[in-house]
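Down below is the structure, laid out as structure tokens.
The values are calculated or read from the model by the stated rules, or taken from the named source; none is laboratory data. From a predicted model like this one, the values you see are computed outputs, not experimental measurements. Cβ placement follows ideal geometry from the backbone for every residue including glycine, while neighbour counts extend to all protein chains displayed. Side chains included, ligands, DNA and RNA excluded: accessible areas come from the protein's heavy atoms. Shrake-Rupley method; radii C 1.70, N 1.55, O 1.52, S 1.80 Å.
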Amino acid sequence: MLYMNPVTNPYAPGAGQQPPELAGRDREIRMFEQVVARAAQDRPVRGVMLVGLRGVGKTVLLNRFRTVALEQGWTTAKLEVRSDVSLRQQIAESMHVAMRRFAAESRAKGAVRQFLAVLKAFSLKVSPDGTWQLAIDVDAARGSADSGDLAADLTLLFAEADALVRRVGGGVGLFMDELQDASQQDLTSLAVACHEMSQTRGRILVVGAGLPHLPAVLSDAKSYTERLFEYVPVDRLSRSNTDRAVTAPAAREGVAYTGGALDLLAALTDGYPFFIQMFAKEAWDVAPKSPITEDDVRTSEGLARQELASGFFGSRYERATQAERSYLKAVAALGADRVSTAEVAGHLKKRPSSLSPVRDSLLRKGLIYSVERGTVAFTVPHFAEFLNSQQP
Ligand SMILES: Nc1ncnc2c1ncn2[C@@H]1O[C@H](COP(=O)(O)OP(=O)(O)OP(=O)(O)O)[C@@H](O)[C@H]1O
Ligand SMILES: [Mg+2]
């Protein structure tokens, strides 16, 4: 064989793509299994929020959590928050999809219809003029969950879902990706409904994922969210888990790595899951045979960097305006992990206040985040290196 078969290349670089080996998340998965088991026994639990930079594996871990819930017989709804659609609409749609599947399998048809009637009522307030409607062929249970106040309506909807699963078993998991993109008002309502649920020990579990400033965004929305949710940091993989992410999928195809190859992959990827998938994929494709060597990794390094430059980094950079690009480059030039907005202004020779609109739009686009007032950092790992390597 001249080259290793690209068809059997196991690696999966891509947003939300299930990795061939979910390395280094065993503890988090066990923790979530316990949360689900506790909720099923009506013991107090908190909603779980996965928090981390771009490409660390929040979405795939969220999906894994969803599988855990499904395996325990739970009903699960999933959505990726969009800032241009109300949370009410997104919850209504995802709950509907979840309940349709549930209804098809369940024998408690009456109870399901009762829930759908409340869900329909809940959805009526999405667009008061009736331009948007949920395609449910039941009559809305008018007067419940249709007050127009999302906090109150969501509380009722959750209570109704809780009543349903108490009759038929299991629980309901509401999985929300990119939660930092929801409006502050919607997040306040969500927090209030979760707070109510936690007091009645409802079997509704809210599980979110978002960028590092998600805890700050939530606590701005409602101060008690620090105690309401359990924040789980999703971070880079340790050296041994980086090796496992690389070698375990290859071993299943009968392919090995030399120690030098693994050293270099660890150095190039810095343990970031997206980079691990990308560099390992390219190394596999250029390797003439097993074991994959340090030299193979070095040969493919440029290809991997090109892929990252056009996708992971480039797609984000291209979405930025000229002014935003200058701002990003200033942050990168300053070098540190976290830079002060005053320094950025100094670097650009502008007044800090004049840069606020640019900074705010970069925050909204999720390219930078701010956990401490007056500072910003990139949400994209190694973004500074990428920007600094760009031609001026
Ligand atoms: N534990 C892991 N082990 C190995 N690879 C992983 C792991 N977690 C994620 N990956 C890989 O990393 C990449 C990024 O994963 P994912 O899309 O879930 O990240 P994310 O944190 O949701 O990123 P974003 O903030 O951009 O949405 C995918 O290619 C995925 O296969
Ligand atoms: Mg994601």
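Worth a mention:
- Residues in segment 1-54 that are farther than 30 Å from Asp285 by Cβ and among the acidic types (Asp, Glu) were compared, and the one that is nearest to ligand 2 (Cβ to nearest atom) is Glu28.
- Among the residues making up segment 56-69, a single one is over 9 Å from the mean Cα position of the chain (by Cα) and within 7 Å of ligand 1 (Cβ to nearest atom): Val56.
- Filter result (open to solvent by 20 Å² or more (accessible area, probe 1.4 Å) and aliphatic (A, V, I, L, M)) within segment 108-141: Ala108, Leu116, Leu124, Val126, Ala135, Ala140, Ala141
- Test: residue in segment 182-199 that is at pLDDT 95 or above, within 16 Å of ligand 2 (Cβ to nearest atom), open to solvent by less than 40 Å² (accessible area, probe 1.4 Å) and in the same structural domain as Asp220 (by TED's automatic domain parsing): yes
- Cβ-Cβ under 8 Å pairs, at least 6 apart or on other chains, segment 3-21 side touching a residue at least 60 places away in the same chain (Cβ under 8 Å) and on the phi < 0 side of the Ramachandran plot, far side within 16 Å of ligand 2 (Cβ to nearest atom) and open to solvent by 60 Å² or more (accessible area, probe 1.4 Å): Ala12/Gln18
- Matching residues in segment 48-80 - criterion: being within 19 Å of Ala151 (Cα to Cα) and open to solvent by 10 Å² or more (accessible area, probe 1.4 Å): Leu79
- Among residues of segment 221-249, those that are open to solvent by less than 40 Å² (accessible area, probe 1.4 Å), without any contact (Cβ under 8 Å) to a residue 24 or more places away in the chain and among the small types (Gly, Ala, Ser), counted: 0
- Restricting Tyr272, Tyr257 to residues that are open to solvent by 20 Å² or more (accessible area, probe 1.4 Å), aromatic (Phe, Trp, Tyr) and touching a residue at least 60 places away in the same chain (Cβ under 8 Å) narrows the list to Tyr272.
- Residue in segment 134-150 that is touching a residue at least 40 places away in the same chain (Cβ under 8 Å) and under 20 Å from Leu70 (Cα atoms) present: no
- For Leu218, the conditions (1) within 18 Å of the chain's Cα centre (by Cα); (2) surrounded by fewer than 18 Cβ atoms within 10 Å (Cβ to Cβ) are fulfilled apart from (2).
- Among the conditions (1) part of a helix (DSSP H, G or I); (2) touching a helix residue (DSSP H, G or I) at 6+ places or on another chain (Cβ under 7 Å); (3) away from ligand 2 (no atom under 16 Å from the Cβ); (4) farther than 17 Å from Phe158 by Cβ, Val112 misses just one, which is (4).
- The helices (runs of 4 or more DSSP H) found wholly in segment 145-248 and carrying at least 1 residues that are touching a Cys at 6+ places or on another chain (Cβ under 9 Å) occupy 150-168, 225-228.
- Any pair with Cβ under 6 angstrom, 6 or more apart, that starts in segment 164-179 at a residue that is modelled with pLDDT of 95 or more and within 16 Å of ligand 1 (Cβ to nearest atom) and ends at one that is open to solvent by 10 Å² or more (accessible area, probe 1.4 Å) and in a helix (DSSP H, G or I): Phe175/Arg66; Asp177/Thr59
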